[in-house]
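Asker: Here it is: the structure, laid out below.
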Amino acid sequence: MSGWLWWAAAGVLVLVCAFCRRPLAVLGRLIVRSGLGMVFLWLFQSIGAFLGVQLGVNLLNGLVLGVLGAPGFALLLMAQLVGR
């Protein structure tokens, strides 16, 4: 392979990394926040049993908490109460 082809490939790689930087950062934040939401749901299971509220620890609930935060928790509680 000639030298200019290596430089062109390196330039394309730099451009791809520059264009993907922001979406990858957003995806990383979403993964971390959803993970924390699932940990919160796991901790809430013991407290929720005393209150008569049971929220499942699953990916959908974790994503709702990861994206919406505290309002998402209220949304999950309301959806669980309406579903009874």
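Asker: Looking at this structure, is Leu13 surrounded by fewer than 11 Cβ atoms within 10 Å (Cβ to Cβ) and either without any contact (Cβ under 8 Å) to a residue 60 or more places away in the chain or assigned to a helix (DSSP H, G or I) (or both)? So that I can check it myself, show each step before the final result.
Answerer: Values: surrounded by fewer than 11 Cβ atoms within 10 Å (Cβ to Cβ): yes; either without any contact (Cβ under 8 Å) to a residue 60 or more places away in the chain or assigned to a helix (DSSP H, G or I) (or both): yes.
When the stated conditions are applied, Leu13 passes them.
Asker: List, please: which pairs have Cβ atoms under 9 Å, are six or more places apart or on different chains, and start with a residue in segment 34-45 that is at negative phi and end with one that is part of a helix (DSSP H, G or I) and among the β-branched types (Val, Ile, Thr)?
Answerer: From segment 34-45, the pairs are Ser34/Val64; Ser34/Val67; Gly37/Val64; Gly37/Val67.
Asker: Could you run through segment 46-84 and say how many residues are touching a residue at least 24 places away in the same chain (Cβ under 8 Å), under 20 Å from Leu30 (Cβ atoms) and open to solvent by 100 Å² or more (accessible area, probe 1.4 Å)?
Answerer: Residues that pass the stated criteria total 1.
Asker: Checking the condition more than 30 Å from Gln80 (Cα to Cα) and either outside any helix (DSSP H, G or I) or open to solvent by 80 Å² or more (accessible area, probe 1.4 Å) (or both), which residue from Arg33, Arg21, Arg29 passes? First the steps, then the outcome.
Answerer: Details: Arg33 fails: more than 30 Å from Gln80 (Cα to Cα); Arg29 fails: more than 30 Å from Gln80 (Cα to Cα).
Just one listed residue meets the conditions, Arg21.
The values are calculated or read from the model by the stated rules, or taken from the named source; none is laboratory data. Predicted model, so just to flag it, every value in this text is computed and none were measured. Using ideal geometry, Cβ is built from the backbone for each residue, glycine included, and neighbour counts are taken over all protein chains shown. Keep in mind that these areas ignore ligands, DNA and RNA; they rest on the heavy atoms of the full protein, side chains included. Shrake-Rupley method; radii C 1.70, N 1.55, O 1.52, S 1.80 Å.
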